[in-house]
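Asks: A single structure is presented below for examination.
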Amino acid sequence: MWRSLGLALALCLLPYGGAESQGQSPACKQAPPWNIGDQNPMLNSEGTVTVVALLQARHFMCFLPRLEDLRIKLENQGYFNISYIVVNHQGSPSQLKHAHLKKQVSDHIAVYRQDEHQTDVWTLLNGNKDDFLIYDRCGRLVYHLGLPYSFLTFPYVEEAIKIAYCEKRCGNCSFTSLEDEAFCKNVSSATASKTTEPSEEHN
């Protein structure tokens, strides 16, 4: 319980999710339009909490298995309506390894290869290598986590996803379903119940 409260407090204290010093966009701003070829990943994920990871191919082997593990963990806890998007670096070395590295995750995580002739998505998102951007169901930025907070060995990305899923940090969203509302109410009730445990034991 105290671990969860500590993480939430740490995330609250991070400037724009720990990325202000890098010049990233402020929280709750709508995601800028961006495409990979003729695909619009953000439009395709509309109505879900969206996790966008900016990863360089040589680091995929470290991040992708852990991202897959995190996806499975969250689904097992009931967090289903989440879209996972990985955007590869635009450089040639990353592009050459793309096909092989895409096989490292399930179809539940979309791994996109940038066209070198298109505008760099990382630049459009004001992002850097290993950044994670967490958007709510209406496509508004809730957290932009940079290193070291984006390391998946730390719990910050997981906690940021859960906050975007259940807390209305950017206001109401019409895409939130009744099922999601009911799930989050149960999560909130369970958390409140745990919060009272230390005082009850003390008494």
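The values are calculated or read from the model by the stated rules, or taken from the named source; none is laboratory data. Computed from a prediction, not measured in an experiment: that's the story for all the values here. Positions of Cβ are generated from backbone atoms using ideal geometry, with glycine treated the same way; all protein chains shown enter the neighbour counts.
Asks: Just the residues that are buried (at least 21 other Cβ atoms within 10 Å of the Cβ) and either more than 10 Å from the chain's Cα centre (by Cα) or in a strand (DSSP E or B) (or both), please, taken from region 140-155.
Replies: Within region 140-155, Leu141, Val142, Tyr143, His144, Leu145, Gly146, Tyr149 qualify.
Asks: Go through region 156-186 and count every residue that is crowded, with 17+ Cβ neighbours inside 10 Å, part of a helix (DSSP H, G or I) and not basic (Lys, Arg).
Replies: Residues meeting the conditions: 12.
Asks: Being closer than 15 Å to Pro65 by Cα, among the small types (Gly, Ala, Ser) and under 14 Å from the mean Cα position of the chain (by Cα) is the filter here, so list the residues in region 104-138 that pass it. Give the derivation first.
Replies: Step one: filter region 104-138 for residues closer than 15 Å to Pro65 by Cα, giving 104-111, 130.
Those still in the list that are among the small types (Gly, Ala, Ser) too: 106, 110.
Listed by number, the list holds a single entry, Ala110.
Asks: Which of the residues belonging to region 95-134 are closer than 14 Å to Ser83 by Cα and part of a loop (DSSP other than H, G, I, E, B)? Write out each step before concluding.
Replies: Step one: filter region 95-134 for residues closer than 14 Å to Ser83 by Cα, giving 105-112, 132-134.
Within region 95-134, Val105, Ser106, Asp107, His108 qualify.
Asks: If you don't mind, there's one more thing I want to ask. Within region 114-127, is even one residue modelled with pLDDT of 80 or more, touching a Ser or Thr at 6+ places or on another chain (Cβ under 6 Å) and buried (at least 19 other Cβ atoms within 10 Å of the Cβ)?
Replies: Scanning region 114-127, I find no residue that is modelled with pLDDT of 80 or more, touching a Ser or Thr at 6+ places or on another chain (Cβ under 6 Å) and buried (at least 19 other Cβ atoms within 10 Å of the Cβ), so the answer is no.
Asks: Okay, next question. So Ser83 clears everything in (1) part of a strand (DSSP E or B); (2) modelled with pLDDT under 95 except one condition, right? Which one?
Replies: (2)
Residues checked against (1) buried (at least 16 other Cβ atoms within 10 Å of the Cβ); (2) modelled with pLDDT of 75 or more; (3) within 23 Å of Pro155 (Cβ to Cβ); (4) basic (Lys, Arg):
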{"residue": "Trp2", "(1), (2), (3), (4)": "no, no, yes, no"}
{"residue": "Gln24", "(1), (2), (3), (4)": "yes, no, yes, no"}
{"residue": "His59", "(1), (2), (3), (4)": "no, no, yes, no"}
{"residue": "Arg66", "(1), (2), (3), (4)": "no, yes, yes, yes"}
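Asks: I need every pair where a residue in region 165-177 that is among the charged types (D, E, K, R) has its Cβ under 9 Å from the Cβ of a residue that is in a loop (DSSP other than H, G, I, E, B), sequence separation at least 6 or different chains.
Replies: Between residues of region 165-177 that are among the charged types (D, E, K, R) and residues that are in a loop (DSSP other than H, G, I, E, B), the close pairs are Lys168/Asp136; Lys168/Thr176; Arg169/Ala27; Arg169/Cys28; Arg169/Asp136.
Asks: Considering only residues that are out of contact with any Phe, Trp or Tyr (no Cβ under 6 Å at 6 or more places or on another chain), at pLDDT 85 or above and not in a helix (DSSP H, G or I), which ones fall in region 38-57?
Replies: Asp38, Gln39, Asn40, Ser45, Glu46, Thr48, Val52
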